[in-house]
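Structure record follows, encoded as C-alpha coordinates.
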Amino acid sequence: MSLLSIIVPCYNEEAALPHFLPEIQRVAGILLEQYSLSCEFLFIDDGSRDNTLELLRTYAKEDQRVRYVSFSRNFGKESALYAGLENARGDYAVTMDADLQHPPTLLPEMFDALQSGEFDSVATRRVNRIGEPPIRSFFARLFYKIVNRISTTDIVDGAQDFRMMKRPMIDAILSMAEYNRFSKGIYGWVGFKTKWIPCENVERVAGETKWSFWKLFLYSVEGITAFSTAPLAIASLMGVFFCLAAFLWIIVIILKTLIWGEPVAGFPTLACLLLLVGGSIQLSLGILGQYLAKTYLETKKRPVYITGETEETHKHGAKAIR
Ligand code: UDP
Ligand code: MG
(Lines give C-alpha, C1' and ligand atoms only; values in the text may rest on other atoms or scores of the structure.)
(Ligands and ions follow the chains in the order given, each with its own letter.)
Protein backbone atom coordinates (compact mmCIF):
# COMPACT_ATOMS: atom_id res chain seq x y z
CA MET A 1 0.00 0.00 0.00
CA SER A 2 1.31 3.50 -0.82
CA LEU A 3 1.82 6.13 1.85
CA LEU A 4 1.06 9.84 1.57
CA SER A 5 2.84 12.23 3.96
CA ILE A 6 0.74 15.28 4.74
CA ILE A 7 3.16 18.01 5.81
CA VAL A 8 1.72 20.90 7.81
CA PRO A 9 3.91 23.79 9.00
CA CYS A 10 2.45 25.32 12.18
CA TYR A 11 3.43 28.55 13.82
CA ASN A 12 1.10 29.60 16.64
CA GLU A 13 -1.82 27.61 15.23
CA GLU A 14 -3.59 26.58 18.44
CA ALA A 15 -6.76 28.19 17.14
CA ALA A 16 -6.72 26.54 13.72
CA LEU A 17 -5.48 23.03 14.54
CA PRO A 18 -8.69 21.83 16.28
CA HIS A 19 -10.51 22.63 13.00
CA PHE A 20 -7.80 21.23 10.78
CA LEU A 21 -7.26 17.80 12.34
CA PRO A 22 -10.81 16.35 12.09
CA GLU A 23 -11.09 17.61 8.52
CA ILE A 24 -7.82 16.01 7.41
CA GLN A 25 -8.73 12.78 9.23
CA ARG A 26 -12.02 12.69 7.37
CA VAL A 27 -10.31 13.15 3.99
CA ALA A 28 -7.66 10.56 4.92
CA GLY A 29 -10.52 8.13 5.45
CA ILE A 30 -11.78 8.81 1.94
CA LEU A 31 -8.29 8.34 0.48
CA LEU A 32 -7.90 5.02 2.26
CA GLU A 33 -11.30 3.79 1.12
CA GLN A 34 -11.24 4.92 -2.49
CA TYR A 35 -7.55 4.74 -3.40
CA SER A 36 -6.20 2.40 -0.67
CA LEU A 37 -3.74 5.14 0.10
CA SER A 38 -2.71 5.44 3.75
CA CYS A 39 -1.66 8.76 5.27
CA GLU A 40 0.67 10.10 7.88
CA PHE A 41 0.14 13.59 9.29
CA LEU A 42 3.48 15.26 9.78
CA PHE A 43 3.16 18.51 11.70
CA ILE A 44 6.13 20.85 11.88
CA ASP A 45 5.94 23.08 14.93
CA ASP A 46 7.97 26.09 13.88
CA GLY A 47 8.88 27.25 17.38
CA SER A 48 5.32 28.25 18.33
CA ARG A 49 4.88 30.30 21.50
CA ASP A 50 1.32 29.15 22.17
CA ASN A 51 -0.14 25.72 22.90
CA THR A 52 0.56 24.25 19.47
CA LEU A 53 3.15 21.77 20.76
CA GLU A 54 0.91 20.53 23.58
CA LEU A 55 -1.89 20.02 21.07
CA LEU A 56 0.42 18.04 18.80
CA ARG A 57 1.54 15.85 21.69
CA THR A 58 -2.07 14.95 22.47
CA TYR A 59 -2.87 14.32 18.81
CA ALA A 60 0.16 12.01 18.49
CA LYS A 61 -1.04 10.03 21.49
CA GLU A 62 -4.59 9.72 20.19
CA ASP A 63 -3.83 8.97 16.55
CA GLN A 64 -1.00 6.69 15.40
CA ARG A 65 -0.80 8.52 12.08
CA VAL A 66 0.17 11.82 13.69
CA ARG A 67 3.87 12.62 13.79
CA TYR A 68 5.49 15.92 14.58
CA VAL A 69 8.82 17.68 14.54
CA SER A 70 9.16 20.63 16.85
CA PHE A 71 11.85 23.24 16.15
CA SER A 72 14.00 24.68 18.90
CA ARG A 73 12.89 28.16 17.77
CA ASN A 74 11.06 29.87 14.91
CA PHE A 75 12.99 29.13 11.70
CA GLY A 76 10.35 30.31 9.22
CA LYS A 77 7.94 28.49 6.93
CA GLU A 78 10.58 27.61 4.35
CA SER A 79 12.61 25.71 6.93
CA ALA A 80 9.45 24.02 8.16
CA LEU A 81 8.62 22.81 4.63
CA TYR A 82 12.15 21.47 4.23
CA ALA A 83 11.99 19.65 7.57
CA GLY A 84 8.66 18.15 6.53
CA LEU A 85 10.00 16.79 3.26
CA GLU A 86 13.11 15.49 4.98
CA ASN A 87 11.14 13.61 7.64
CA ALA A 88 8.40 12.37 5.32
CA ARG A 89 8.30 8.60 4.90
CA GLY A 90 5.70 8.55 2.15
CA ASP A 91 5.91 7.66 -1.52
CA TYR A 92 3.97 10.86 -1.97
CA ALA A 93 4.02 14.06 0.03
CA VAL A 94 1.75 17.06 0.13
CA THR A 95 2.48 20.38 1.84
CA MET A 96 -0.44 22.40 3.14
CA ASP A 97 -1.26 25.21 5.59
CA ALA A 98 -2.86 24.55 8.95
CA ASP A 99 -5.54 27.22 8.54
CA LEU A 100 -7.69 25.33 5.99
CA GLN A 101 -6.86 27.89 3.31
CA HIS A 102 -5.65 24.87 1.37
CA PRO A 103 -8.84 22.77 1.30
CA PRO A 104 -8.14 19.09 2.18
CA THR A 105 -11.11 18.13 0.00
CA LEU A 106 -8.84 18.72 -3.01
CA LEU A 107 -6.50 15.89 -2.00
CA PRO A 108 -8.35 13.06 -3.83
CA GLU A 109 -8.38 15.11 -7.03
CA MET A 110 -4.66 15.86 -6.68
CA PHE A 111 -3.82 12.22 -6.05
CA ASP A 112 -5.88 11.24 -9.07
CA ALA A 113 -3.77 13.49 -11.28
CA LEU A 114 -0.54 11.97 -9.98
CA GLN A 115 -1.81 8.44 -10.49
CA SER A 116 -2.52 9.05 -14.16
CA GLY A 117 1.27 8.91 -14.47
CA GLU A 118 1.55 12.01 -16.58
CA PHE A 119 2.56 14.40 -13.82
CA ASP A 120 5.20 14.41 -11.09
CA SER A 121 3.48 17.06 -9.02
CA VAL A 122 0.16 18.83 -8.65
CA ALA A 123 -0.13 22.32 -7.26
CA THR A 124 -2.87 24.86 -6.80
CA ARG A 125 -2.81 28.31 -8.19
CA ARG A 126 -4.91 31.27 -7.17
CA VAL A 127 -7.23 32.52 -9.84
CA ASN A 128 -7.78 35.84 -8.14
CA ARG A 129 -6.50 37.91 -5.28
CA ILE A 130 -9.91 38.82 -3.89
CA GLY A 131 -9.89 39.65 -0.20
CA GLU A 132 -6.33 40.90 -0.36
CA PRO A 133 -5.39 44.55 0.16
CA PRO A 134 -5.05 46.10 -3.36
CA ILE A 135 -1.64 47.53 -2.56
CA ARG A 136 -0.37 44.06 -1.66
CA SER A 137 -1.76 42.58 -4.90
CA PHE A 138 -0.05 45.34 -6.84
CA PHE A 139 3.35 44.65 -5.30
CA ALA A 140 2.90 40.89 -5.62
CA ARG A 141 2.18 41.23 -9.36
CA LEU A 142 5.15 43.58 -9.74
CA PHE A 143 7.40 41.11 -7.97
CA TYR A 144 6.46 38.22 -10.27
CA LYS A 145 6.91 40.40 -13.34
CA ILE A 146 10.39 41.48 -12.29
CA VAL A 147 11.63 38.13 -11.07
CA ASN A 148 10.47 36.28 -14.19
CA ARG A 149 12.05 38.87 -16.45
CA ILE A 150 15.47 38.66 -14.81
CA SER A 151 15.64 35.00 -13.82
CA THR A 152 15.82 31.92 -16.04
CA THR A 153 13.90 29.89 -13.45
CA ASP A 154 10.14 29.82 -13.97
CA ILE A 155 8.46 31.30 -10.90
CA VAL A 156 4.70 31.01 -11.25
CA ASP A 157 2.45 33.92 -10.20
CA GLY A 158 -0.25 32.88 -7.76
CA ALA A 159 1.31 29.48 -7.07
CA GLN A 160 0.52 28.37 -3.54
CA ASP A 161 2.52 26.14 -1.22
CA PHE A 162 -0.25 23.53 -1.59
CA ARG A 163 1.54 20.89 -3.62
CA MET A 164 1.55 17.12 -3.89
CA MET A 165 4.68 15.43 -5.19
CA LYS A 166 6.07 12.03 -6.01
CA ARG A 167 9.21 10.68 -4.34
CA PRO A 168 11.70 11.62 -7.13
CA MET A 169 10.68 15.27 -6.91
CA ILE A 170 10.87 15.21 -3.10
CA ASP A 171 14.41 13.87 -3.30
CA ALA A 172 15.34 16.47 -5.89
CA ILE A 173 14.11 19.26 -3.61
CA LEU A 174 15.98 17.78 -0.66
CA SER A 175 19.16 17.72 -2.70
CA MET A 176 18.96 21.54 -2.74
CA ALA A 177 20.05 22.05 0.83
CA GLU A 178 20.63 25.76 0.47
CA TYR A 179 20.18 27.95 3.49
CA ASN A 180 18.38 30.82 1.76
CA ARG A 181 15.28 28.99 0.67
CA PHE A 182 12.65 30.35 -1.71
CA SER A 183 10.50 27.35 -2.46
CA LYS A 184 8.56 28.79 -5.42
CA GLY A 185 11.92 29.15 -7.14
CA ILE A 186 13.13 25.76 -5.96
CA TYR A 187 10.06 24.02 -7.40
CA GLY A 188 10.66 25.78 -10.71
CA TRP A 189 14.36 25.00 -10.68
CA VAL A 190 14.04 21.23 -10.16
CA GLY A 191 11.62 21.08 -13.07
CA PHE A 192 9.34 18.00 -13.45
CA LYS A 193 5.84 18.11 -14.89
CA THR A 194 3.36 20.01 -12.77
CA LYS A 195 -0.38 20.09 -13.13
CA TRP A 196 -1.96 23.37 -12.02
CA ILE A 197 -5.36 23.37 -10.37
CA PRO A 198 -7.10 26.74 -10.16
CA CYS A 199 -8.20 27.56 -6.62
CA GLU A 200 -10.31 30.32 -5.10
CA ASN A 201 -8.96 32.39 -2.24
CA VAL A 202 -10.35 31.03 1.05
CA GLU A 203 -10.44 32.89 4.35
CA ARG A 204 -8.32 31.51 7.19
CA VAL A 205 -10.53 29.43 9.54
CA ALA A 206 -9.14 30.78 12.84
CA GLY A 207 -6.15 32.66 14.22
CA GLU A 208 -4.35 35.29 12.18
CA THR A 209 -1.85 35.56 9.36
CA LYS A 210 1.86 35.48 10.20
CA TRP A 211 2.93 37.57 7.23
CA SER A 212 3.31 41.32 7.48
CA PHE A 213 3.96 43.50 4.45
CA TRP A 214 7.55 43.93 5.58
CA LYS A 215 8.08 40.17 5.96
CA LEU A 216 6.69 39.66 2.45
CA PHE A 217 8.99 42.36 1.09
CA LEU A 218 12.08 40.73 2.61
CA TYR A 219 10.88 37.38 1.25
CA SER A 220 10.62 38.84 -2.25
CA VAL A 221 14.19 40.17 -2.03
CA GLU A 222 15.14 36.61 -1.07
CA GLY A 223 13.36 35.30 -4.14
CA ILE A 224 15.16 37.69 -6.46
CA THR A 225 18.67 37.26 -5.09
CA ALA A 226 18.33 33.50 -4.70
CA PHE A 227 17.36 32.91 -8.32
CA SER A 228 18.90 35.71 -10.31
CA THR A 229 22.23 37.48 -10.51
CA ALA A 230 20.80 40.13 -12.85
CA PRO A 231 20.93 42.91 -10.21
CA LEU A 232 24.71 42.48 -10.18
CA ALA A 233 24.71 43.17 -13.90
CA ILE A 234 22.45 46.20 -13.39
CA ALA A 235 25.07 47.69 -11.09
CA SER A 236 27.82 47.26 -13.66
CA LEU A 237 25.59 48.58 -16.45
CA MET A 238 24.75 51.67 -14.45
CA GLY A 239 28.44 52.21 -13.79
CA VAL A 240 29.16 52.05 -17.51
CA PHE A 241 26.26 54.38 -18.27
CA PHE A 242 27.35 57.01 -15.77
CA CYS A 243 30.95 56.88 -16.96
CA LEU A 244 29.85 57.41 -20.57
CA ALA A 245 27.57 60.29 -19.56
CA ALA A 246 30.36 61.95 -17.61
CA PHE A 247 32.76 61.48 -20.53
CA LEU A 248 30.36 63.07 -23.01
CA TRP A 249 29.63 65.90 -20.64
CA ILE A 250 33.37 66.65 -20.30
CA ILE A 251 33.72 66.81 -24.07
CA VAL A 252 30.74 69.19 -24.27
CA ILE A 253 32.28 71.45 -21.62
CA ILE A 254 35.66 71.50 -23.37
CA LEU A 255 34.09 72.26 -26.76
CA LYS A 256 31.90 75.01 -25.29
CA THR A 257 34.93 76.67 -23.76
CA LEU A 258 37.17 76.24 -26.80
CA ILE A 259 34.69 77.27 -29.51
CA TRP A 260 32.42 79.81 -27.82
CA GLY A 261 34.70 80.80 -24.99
CA GLU A 262 31.97 80.19 -22.40
CA PRO A 263 33.17 80.16 -18.80
CA VAL A 264 32.46 76.89 -16.92
CA ALA A 265 30.29 77.17 -13.82
CA GLY A 266 32.25 75.13 -11.29
CA PHE A 267 30.04 74.44 -8.32
CA PRO A 268 26.90 73.02 -10.02
CA THR A 269 29.03 70.80 -12.22
CA LEU A 270 30.92 69.40 -9.27
CA ALA A 271 27.80 68.92 -7.18
CA CYS A 272 26.05 67.04 -9.98
CA LEU A 273 29.02 64.83 -10.66
CA LEU A 274 29.55 64.04 -6.99
CA LEU A 275 25.93 63.07 -6.57
CA LEU A 276 25.95 60.96 -9.68
CA VAL A 277 29.15 59.11 -8.94
CA GLY A 278 28.47 58.75 -5.23
CA GLY A 279 24.98 57.44 -5.87
CA SER A 280 26.01 54.88 -8.41
CA ILE A 281 28.86 53.62 -6.23
CA GLN A 282 26.60 53.28 -3.26
CA LEU A 283 23.97 51.41 -5.24
CA SER A 284 26.51 48.98 -6.66
CA LEU A 285 27.99 48.41 -3.24
CA GLY A 286 24.56 47.75 -1.79
CA ILE A 287 23.76 45.14 -4.42
CA LEU A 288 27.19 43.52 -4.04
CA GLY A 289 26.69 43.45 -0.30
CA GLN A 290 23.36 41.68 -0.72
CA TYR A 291 24.97 38.82 -2.61
CA LEU A 292 27.99 38.77 -0.37
CA ALA A 293 25.72 38.34 2.61
CA LYS A 294 24.00 35.38 0.94
CA THR A 295 27.34 33.79 0.06
CA TYR A 296 28.50 34.34 3.60
CA LEU A 297 25.49 32.53 5.02
CA GLU A 298 25.73 29.68 2.50
CA THR A 299 29.41 29.04 3.16
CA LYS A 300 28.68 28.62 6.84
CA LYS A 301 26.67 25.52 5.90
CA ARG A 302 24.30 26.05 8.76
CA PRO A 303 21.50 23.53 9.18
CA VAL A 304 18.17 24.72 7.77
CA TYR A 305 16.50 23.90 11.08
CA ILE A 306 17.15 22.31 14.48
CA THR A 307 14.83 19.76 16.01
CA GLY A 308 13.87 20.22 19.64
CA GLU A 309 11.39 17.37 19.98
CA THR A 310 9.54 14.78 17.90
CA GLU A 311 6.74 12.40 18.79
CA GLU A 312 9.35 9.65 19.20
CA THR A 313 11.77 11.50 21.46
CA HIS A 314 8.80 12.68 23.51
CA LYS A 315 7.60 9.11 23.95
CA HIS A 316 10.99 8.03 25.25
CA GLY A 317 11.14 11.01 27.55
CA ALA A 318 14.47 12.14 26.12
CA LYS A 319 15.20 15.29 24.18
CA ALA A 320 17.36 14.72 21.16
CA ILE A 321 19.11 17.47 19.27
CA ARG A 322 20.08 16.55 15.76
N1 UDP B 1 4.06 29.40 9.20
C2 UDP B 1 5.21 28.78 9.71
N3 UDP B 1 6.24 29.58 10.15
C4 UDP B 1 6.21 30.95 10.07
C5 UDP B 1 5.04 31.55 9.50
C6 UDP B 1 4.00 30.74 9.08
O7 UDP B 1 5.29 27.56 9.81
O8 UDP B 1 7.17 31.61 10.47
C9 UDP B 1 2.93 28.53 8.75
C10 UDP B 1 1.59 28.85 9.37
O11 UDP B 1 1.40 28.20 10.59
C12 UDP B 1 0.60 28.37 8.31
C13 UDP B 1 1.36 28.59 7.01
O14 UDP B 1 2.73 28.73 7.37
O15 UDP B 1 0.30 26.98 8.45
C16 UDP B 1 0.86 29.81 6.27
O17 UDP B 1 0.90 30.93 7.13
P18 UDP B 1 -0.23 32.03 7.15
O19 UDP B 1 -1.58 31.37 7.08
O20 UDP B 1 0.03 32.91 8.32
O21 UDP B 1 0.09 32.81 5.81
P22 UDP B 1 -0.99 33.35 4.74
O23 UDP B 1 -1.94 32.23 4.45
O24 UDP B 1 -1.65 34.51 5.36
O25 UDP B 1 -0.14 33.71 3.56
MG1 MG C 1 -3.01 31.26 5.75
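The values are calculated or read from the model by the stated rules, or taken from the named source; none is laboratory data. Keep in mind that what you see is a predicted model, and the values were worked out from it rather than measured. Methodologically, a virtual Cβ is constructed for each residue, glycine included, from the backbone with ideal geometry; neighbour enumeration extends over all protein chains shown. Note: accessible area is taken over every heavy atom of the protein model, side chains too, but ligands, DNA and RNA are not part of it. Shrake-Rupley method; radii C 1.70, N 1.55, O 1.52, S 1.80 Å.
Per-structure values
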read-out	value
Accessible area expressed per residue, region 202-322, with surrounding protein chains retained (probe 1.4 Å, Å²)	72
Positive dipole terminus of region 205-322, leading residue within 279, 267, 248 (C-beta point charges)	279
Protein accessible area in region 194-261, 1.4 Å probe - carbon and sulfur %	75
Accessible-area ranking of 65, 181, largest first, probe 1.4 Å	65, 181
Mean shadow area of region 150-288, taken as a quarter of the surface of its Cα convex hull (nm²)	13.9
At R0 = 25 Å, FRET efficiency that the Cβ-Cβ distance of residue 129 and residue 272 yields, to 0.05	0.05
Residue-wise HN-Hα coupling along region 271-281, computed from phi with Karplus coefficients 6.51, -1.76, 1.60 (Hz; x: Gly, Pro)	4, 4, 4, 4, 4, 4, 5, x, x, 5, 5
Vicinal HN-Hα couplings computed from phi for region 161-177 (Karplus, 6.51 cos²θ - 1.76 cosθ + 1.60; Hz; Gly/Pro x)	7, 9, 8, 10, 10, 8, 3, x, 5, 4, 5, 4, 5, 5, 5, 8, 8
Zone residues, region 201-224, relative to residue 142, backbone N less than 20 Å from point 7 Å out along Cα-to-Cβ	211-224
Residue order for 41, 267 - accessible surface, 1.4 angstrom probe, largest first	267, 41
In range of the label at residue 229: residues from region 164-182 whose backbone nitrogen is under 15 Å from the point 7 Å along Cα→Cβ	none
Size of region 209-270 as Cα extents on the principal axes (Å, biggest first)	67, 22, 12
Carbon and sulfur %, accessible surface of region 40-174 computed with the full protein complex present, 1.4 Å	50
Cα-based Rg / Dmax (Å) for region 1-109	12.9, 39
FRET efficiency estimate (nearest 0.05) - Cβ-Cβ, residue 242 to residue 211, R0 45 angstrom	0.75
Interchain or long-range residues, amide H under 5 Å from residue 102's placed H	97
Beta bridges per DSSP with both ends in the chain, % antiparallel, nearest 5	30
Accessible area (Å², per residue) of region 45-104, counting only protein heavy atoms and a probe of 1.4 Å	38
Equivalent ellipsoid semi-axes - Cα gyration tensor, region 1-47, angstrom	23, 12, 4
At most 14 other Cβ within 10 Å, DSSP loop - trypsin sites (Lys or Arg not before Pro), region 234-310	300, 301
Potential extension, residue 288-residue 221 segment - 0.36 nm per residue separation minus Cα distance	22.8 nm
Net lengthening on full extension, residue 250/residue 196 (0.36 nm per residue, minus Cα-Cα)	13.8 nm
Choice from 57, 126, 136 showing the highest fluctuation, given a GNM over the chain with Cα pairs closer than 10 Å	136
Relative contact order %, region 1-92, counting alpha carbon pairs below 8 Å whose residues are six or more apart	42
Dipole magnitude (debye, nearest 20) for the chain, charges at Cβ of Lys, Arg, Asp, Glu	940
Area of residue 281 that stays accessible when all protein chains are in place (1.4 Å probe, Å², to 10)	90
Over the chain, relative contact order from alpha-carbon pairs under 8 Å, at least 6 apart, %	21
